[in-house]
1. Please work out the C-alpha center-to-center distance from segment B:235-265 to segment A:30-95 and express it in whole Å.
2. Averaged over every viewing direction, what's the projected area of the C-alpha convex hull for segment A:22-102? Give it in nm², one decimal, please.
3. Taking the Cβ-Cβ separation of B:Arg105 and B:Thr268 as r and a Förster radius of 41 Å, what is the calculated FRET efficiency to the nearest 0.05?
4. Along its three principal axes, how long is the protein assembly as shown when you only count alpha carbons? Whole Å, largest extent first please.
5. How many lysine pairs does chain A hold where the Cα atoms are under 30 Å apart and the two sit 8 or more places apart or on different chains?
6. Would you mind counting up the charge near A:Ala172? Only other residues with Cβ under 15 Å from its Cβ, with Lys and Arg at +1 and Asp and Glu at -1.
7. Pop out the ³J(HN,Hα) list for segment B:116-129 in order, Karplus 6.51 cos²θ - 1.76 cosθ + 1.60 with θ = phi - 60°, rounded to Hz; leave Gly and Pro as x.
8. Taking the radius of gyration and the Kirkwood hydrodynamic radius from Cα positions alone, what is the Rg/Rh ratio for segment B:195-254, to two decimal places?
Amino acid sequence: MVTNQPWPGRPADSDLAEPVPAIELRHATKRYGEAVALDDVSMVIQPGEFFCLLGPSGCGKTTTLNLIGGFIPLTSGDLLIEGHTVNDLPPHKRNVNTVFQSYALFPHMTVAENVAFGLRMEKLSKADIAQRTREYLELVGLSGLAGRLPAQMSGGQQQRVALARALAKRPAVLLLDEPLGALDLKLRKQMQTELARIHRQVGTTFVFVTHDQEEALSMATQIAIMSNGTVLQQGSPREVYDRPANRFVADFVGDTNFLAGTVRRDGGQAVFDVGSAVVDVQGDAEAGPATLMIRPEFLALRQGDATDGPRGLTARVVNVAFLGNHTRITVSTAAGEMVVVRPHGTRDSTADTQRELGEEVCVWWRTENAALIRE
Amino acid sequence: MARGTSPLETMPVSRFARQTRWSLIVLTGAMLAFLYLPIAFLILFSFEDAATPGLPITGLTLHWYQVLASDSAIQSALLTSIEVAVVVTIIASIVGTMVAFPLVRRGVRAPGLLRLGFTLPIMIPGFLIGIGLLIFFRQGLHPLIDVQLGLYTVVAGHLVFTIPFVVLIVASRLQGFDRRLEWAAADLGAGPWRTLRHIVLPLIAPAILAGALLCVTLSIDEFVITFFLIGPQQTLPLYIYTQIKFGVTPEVNAIATVILLVSLLAVTLGSILLTSSRRLRRRRAE
Ligand SMILES: Nc1ncnc2c1ncn2[C@@H]1O[C@H](COP(=O)(O)OP(=O)(O)OP(=O)(O)O)[C@@H](O)[C@H]1O
Ligand SMILES: [Mg+2]
């Protein structure tokens, strides 16, 4: 059996306002033979969070979920659920539930029976089971389909059944492994809204795995960006987007323009040399090689010979792509190609969207919107 | 030009394509006749009036079924066969299902070799199994216990070749089994036993049932192994064999027809049970 520590990290005299984390990983490592799937990861997930694990394929997202669910054992390190070390606790004794990527609905049971299964295992009374099954089928909007078999339902409906089945257990933490991956774009968007609503309604901690950064940004309250079995950065969507910890995060979350160059002190002012051009950077930057990062939506265009505003880079328009509510303009500068995204509807930006191919322009930005990253 | 309308049919594959197609159809028909005509004759002759059946039919009668109903020797042989088949089926289904698990799930060092070990008995000629077991029981075990030949030794002989069938059928079903269903069950609070009972067994039940039905038919008509291992009793095939020495009476045709009908009924019943239990459950949930 497991050695349940009574509320570790919460000594009697400590600050009681500090909540016990829903999930805590301490130096968690998972190896498959030589291969390291998870490399010394420490992570805290607070209760009530909509926590997104975001990262490219093979970075260890599923491994993390499977560790929390108890389906695979840790190689080393500790896993705590609601303050209790559960390293050796089998999955059926953990207070977490999973929505599997493939849904894993029991094919020989009806929708209602699938939802009721976990409750039957808890030995609840017949009336309670029936009542709760109804409640959670209603929550996911499937009241009318209780008698169907999984094979008779669409992917989106099956997904809802899996969600209801896991939620009906009223777990401390709900684990979701790319639950929307198999759905088409429209249904996906709809389920994103739905999931956010359900999260607000039930208040359970959600740990959500995705490799879709847009999905993560739109749904999460916290995001952990993973790569090669490590967590590169954890923070709110805004933090991760606005202040990426490194180039990988900046590149993975949203589109970014990178300019490689050198910071130089010019009098009291810090400037940035990119190729033959010079642009301004924020005053407190230290000298040395660095990468300047600017999101496409912070870039603007002006006439090549205009001299008002901050210094910019001379550029030539090489592509203009009209994308409905915004236009994507690719320009070629001495420091490489840059992508400019201009929304429609404001006077300045609409002018930018009407640039001609081959036109000579100046691409510029406000210094506070550019971030310096040092590798 | 070719007369066909579809371009696929007019494609000049071979000058003899039409002839080939026709001869294949004829061959298929001939094979079907070859498979089912003897059985048809068997059924027909069981209603034949004359004591030595043959064409043309002299008249139809239920006489042989009445003879059957009052023939205690054939009935006791049938009963013996059924007894053996039931015991064999129960043991083979349970043991075979249990063995199928390590065969498919990891933790076994050489699953291929193990699988081969369970496939070979199917291919070993029955008389080898019979002689082998006979020597084993009479000589091999003799220093330890004095094994008397009888129904127990027959059951043992039948198990040797029926268990592999169950193992292979159940293993192939387990092979395609989505292990994540077990994860899901564990995730929802089911321990290993309850996962087995509520998830795994119901889902592999069709394979176990198919294996069991196969055991019944294999055991009922087994002759060679039984011949070597049986004591003073007689199973139905052995009894019929001894009777045939005195000429085929239509009574044998009658019992064969009865067995045929019963096994057809069993198979149909099995598949109906499987589908209807599922449908019933669905209706109950609604
Ligand atoms: N059973 C296993 N045996 C060996 N290596 C494994 C096993 N499971 C996962 N891995 C390896 O561990 C790493 C992380 O895998 P994981 O499934 O966690 O990735 P992921 O982030 O979920 O990727 P995806 O987005 O493709 O699902 C991968 O390099 C993978 O090859
Ligand atoms: Mg995965």
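1. That distance is 65 Å.
2. Numbers: hull surface 22.2 nm².
Computed as one quarter of the Cα hull surface, the answer is 5.5 nm².
3. Values: r = 33 Å, r/R0 = 0.81.
With a Förster radius of 41 Å, E is 0.80.
4. Rounded to whole Å, the extents work out to 123, 90, 51 Å.
5. Count of close lysine pairs: 14.
6. -1
7. Computed from phi, the couplings for segment B:116-129 are 4, x, 8, 8, 3, x, 5, 8, 5, x, x, 5, 5, 4 Hz.
8. Looking at segment B:195-254, the ratio lands at 1.25.
The values are calculated or read from the model by the stated rules, or taken from the named source; none is laboratory data. Quick caveat, the model's predicted, so the values are computed rather than measured. Here Cβ is always computed from backbone atoms with ideal geometry, including for glycine, and neighbour counts include all displayed protein chains. Only protein heavy atoms, including side chains, enter the accessible area calculation; ligands, DNA and RNA are left aside. Shrake-Rupley method; radii C 1.70, N 1.55, O 1.52, S 1.80 Å.
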